[in-house]
Structures are given as C-alpha cells and as structure tokens.
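Trainee: Before I ask anything, let me first share the structure, which is written out below as structure tokens.
The values are calculated or read from the model by the stated rules, or taken from the named source; none is laboratory data. All of these numbers come straight from a predicted model, not from anything done at the bench. Heads up, the Cβs are rebuilt from the backbone with ideal geometry, glycines too, and the neighbour counts pull from every protein chain shown. To get the accessible areas, we keep the full protein, side chains included, count just its heavy atoms, and leave off ligands, DNA and RNA. Shrake-Rupley method; radii C 1.70, N 1.55, O 1.52, S 1.80 Å.
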Amino acid sequence: MFHCAGNATQIRVTPEDDLQVMLDNAVDGDTLILSSGKYVGNFVVSRAITLTGQQGALIDADGQGHALQLKSANIVLEKLQIQNWGHDLTAQDSGIYSDKSATDLIIRDNRLTGDGFGIWLQKGRNIKVFDNEIVGNPNLRSTDRGNGIQLSIVQDVEVSGNSISHTRDGLYIISSQNNLLHNNTMHDLRYGIHYMYSHSNEVKSNLAYNTRAGYALMSSRMLTVTGNVSRDSEDYGFLLNFITSSEISHNQIFNVWTKPEHKVLGREGKGLFIYNSAYNTVSNNLINTAEIGIHLTAGSENTKVYNNSFINNPLQVKYVANREEEWSHEGVGNFWSNYLGWDLNNDGKGDSAFEPNDGIDRLVWQYPEAKVLLDSPAILILRWIQTQFPVLKPPGVKDSFPLMQAPSVMGVDDGPIINLVKQD
C-alpha cells in the first residue's frame, strides 16, 4: 500500500512481501513501514530511506551475517526489533552494520538481541544513535560475545540514552574522534565503555554497573570524562592505561571489590587505576568503598589530583614513586575519610599534611605475604619511628591541604549524579 506526503512516499510492507525487493525499489526519501510479523534474512539498505516497524514487526537474520547492512547516507532506522544475527566476530556479524559510505545516519528506539555485535559503525560521520536497547547472550563466554555498540574510525557521532547488557563491552570506541557518549546505561559486561587509540572525545553522565571495569580508557588522549557513575565493578571503577592530556572529573565510583571466588594474590578492586598515564587532571571525583581507592603505577606522574573524596577505602592510595607527589592544587587538597588531623583555624583544611602511605605500605606491596604482620608490635614500632625520623620515609603522595569535609560532586547535565545510581 502506498500514499504520498509531499514528495516522500510511505510504503507498507507485510511479511508476505519480499523485503529486500521493497528496499531495492524504494527511492531516496521514502519511508518503509514494517507491519507486524517476522522478516527473515540478511537485508541491505542502499537508499536514503526511513525504515520503521510497527509493534510486533521482527527482523530475524536466521543466525548468520548482518541483519541490516547500511550502504547509503541519510538512512533512518527506528522502532525496529532485530534478533538472531550471526556470531562470527571475525566477520563482524552485527544487528546493524554500516560501511564507509554510511554517513548522516539516525538509529533510534530499536531493540536488538543477538550473539555478535549489536551496532557496528565504521568509517562514517555525523551519526546519531539514540535510545536503543541492546541485549547480548549471557550464555556465551564474555570473550565470545560482540560489543554492544562499536565505533571504528568514525567522527562526530553522538550516542545517547542507550541501554546495553550482556554483551562483551557496552560501548567500544577505536581510532575515532570528536564523538559524544552520554546518558547511556551499561551493565553485566566486561567493560562498560572501552576506548582505544582515540582522541578528542567526551564521555558524560553514563552509568555502568556489574562490570569488571566500568570505564576502560586506553591509548587515548584529550578525553573529557565527566559526570559518570561506576558501581559494583570487580576490578576497576576507572582504568586509565596510557592516557594523556585528559580530564577525569565529577565522576562517582562505588563498591569496587573482587569477588571472593576470584581472589588471587595481588588482585584487588581499584576505584581508579592509572597506569603509564601523565598530564591528566583527576578532580571532583568520589571514590567510595573500593579495596584500593586509587592506584598509580608505571610512571604515572605529572597528574593533578585534587578536590576528590576518598571514603571507606581500606587502602586509600597505592603509589610507588621515586619522588614526592603533591596531591593538591592552588591550596585545595582532597577529602580522606581516615584523616585524623585538626582544623584549628576553621578554614576547612587540615592543619597538617596527609601522607596516605609509608615505608611499611611499600614493603607490603612488594611482599604481599607480609600482610599477616601488619598488626604486630614490630610493625607498629616501625611506623612510629618513621613519624619521628622522616628521613627514613620513602617518597610518595603528600596532600598538603586535606579537606575536612567531602566536596559536593555534581553532574554535568542533571545536577547531582547520585540520582543516576539505580538499584537492582
């Protein structure tokens, strides 16, 4: 059935029609509306059209290949239910797959369920991916699943309001620039958001929970990561590996704890893990109830760390350094829940510096089996000696202006981002 609105034509499609023929016969500007029913096959969209589905319309790829492959600019996909595409990760099997010619796309309000990649966007630009739900296969090993949304060599892509679960990683971004990821919810994954070899991207007001790492940022620069929440991760709230010239601010991290059945020597949950990263700013973040609040290693120096709140972390800081690192900026330090100093002049800052680690901590990091001695009289005497003779204390972190109260952590778009933390 056809009817025209202006120059555009609306085309009603039923399961009895050959959907691929209908797609091939459409002209730029047409809208194809899928009626309720199942459409089985691997379909290619090579016209600048809108493809939308009515309630009960289902695209089923029959367990192989891409469900929808996009080969034109200016395509709109909306209100589609897509399932059962291929599981060959080497072939990049996806529910929705775009090649290098697919720019100026809108993909919104779709529901995808399958084994491989949910949405794969490659070598395109000016793309919007809004309000989609992507569910992987929890019966597969994490490494055998595709990522929820994969951005590969793309620019100017906005990914917003999507819900992703049971895939490998929620959002995976590689070799891409000038993209915005915001207000997405990701759970039951390896990594919520995973960056590789990218620069000049924004990650704002997302929620990740029940992951190994909420946010894994690797080999990238000039990232702005603000207003995000990570909770109930097992290894890392935020993992920074070879990240430079980036801002990590106004994020909230809760409950990073390795499960007892996965415990091995040296594996502890880390709120912030910063490896081989430099010239970054880490400010206005909340790290609450992580086995280690923040762990820096492998030359992670020249990093500004200030106005953060470290609360209820058994080990607040783990950092082996060759020289002292000052963790305050322009007279503003961090809040430490285990700081025992006084504020006699009521300026909101402790009168004595906070140094979270000493030589005993360093010894335990190098020889973890020494933990059994931490409460022994000998260790207590050694700690006291270090306070009396600072020359015996190795270089490490020093906060000269510790805050007496935890600063407010505000979101970027919506006020306090604690409102984003959902309970199961």
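Trainee: From largest accessible area down, sort Met404, Met196; use a 1.4 Å probe on the protein chains.
Mentor: Numbers: Met404 65, Met196 30 Å².
Order by accessible area, largest first: Met404, Met196.
Trainee: Placing +1 at every Lys and Arg Cβ and -1 at every Asp and Glu Cβ, with all other atoms neutral, what dipole size does segment 1-91 have around its Cα centre, in debye to the nearest 20?
Mentor: Working: 5 positive and 10 negative charges, 43 e Å.
That gives segment 1-91 a dipole magnitude of about 200 debye.
Trainee: Round to the nearest 10 and report in Å² the accessible area of Phe130, as given by a 1.4 Å probe over the protein chains' heavy atoms.
Mentor: So the heavy atoms of Phe130 present about 50 Å² to solvent.
Trainee: By how many nm would the segment from Ala8 to Lys71 lengthen if fully extended, with 0.36 nm per residue of separation less the alpha-carbon distance?
Mentor: Computed gain between Ala8 and Lys71 is 20.7 nm.
Trainee: Just to make sure I understand: if all protein chains stay in place, what is the order of Arg212, Arg145, Arg12 by accessible area at 1.4 Å, largest first? Provide the component values of the computation, followed by the final result.
Mentor: Working: Arg212 110, Arg145 25, Arg12 75 Å².
From most accessible down to least: Arg212, Arg12, Arg145.
Trainee: Let me ask another. Report the far tail of the P(r) of segment 62-118, meaning the percent of Cα-Cα pairs longer than 19 Å. Show your work: numbers first, answer last.
Mentor: Details: 417 of 1596 pairs.
That fraction is 26 percent.
Trainee: In Å, the Kirkwood hydrodynamic radius of segment 94-179 over pairs of distinct alpha carbons?
Mentor: On the way: mean 1/r = 0.0796 Å⁻¹.
Every distinct Cα pair counted, the radius reaches 12.6 Å.
Trainee: Sticking with this structure for a sec: Between segment 125-173 and segment 46-81, how many Å separate their Cα centres?
Mentor: Taking the Cα centre of segment 46-81 as reference, the centre of segment 125-173 is 16 Å away.
Trainee: Let me know the charge dipole size of segment 68-125 about its Cα centre in debye, to the nearest 20, where only the beta-carbon of Lys, Arg (+1) and Asp, Glu (-1) is charged.
Mentor: Numbers: 7 positive and 7 negative charges, 46 e Å.
Roughly 220 debye, rounded to the nearest 20.
Trainee: Please report, in debye to the nearest 20, how large the charge dipole of segment 163-293 is about its Cα centre when each Lys and Arg carries +1 at its beta carbon and each Asp and Glu carries -1 there. Present the calculation step by step, with values, prior to reporting the outcome.
Mentor: Working: 10 positive and 10 negative charges, 23 e Å.
Using only the charged Cβ atoms, the result is roughly 100 debye.
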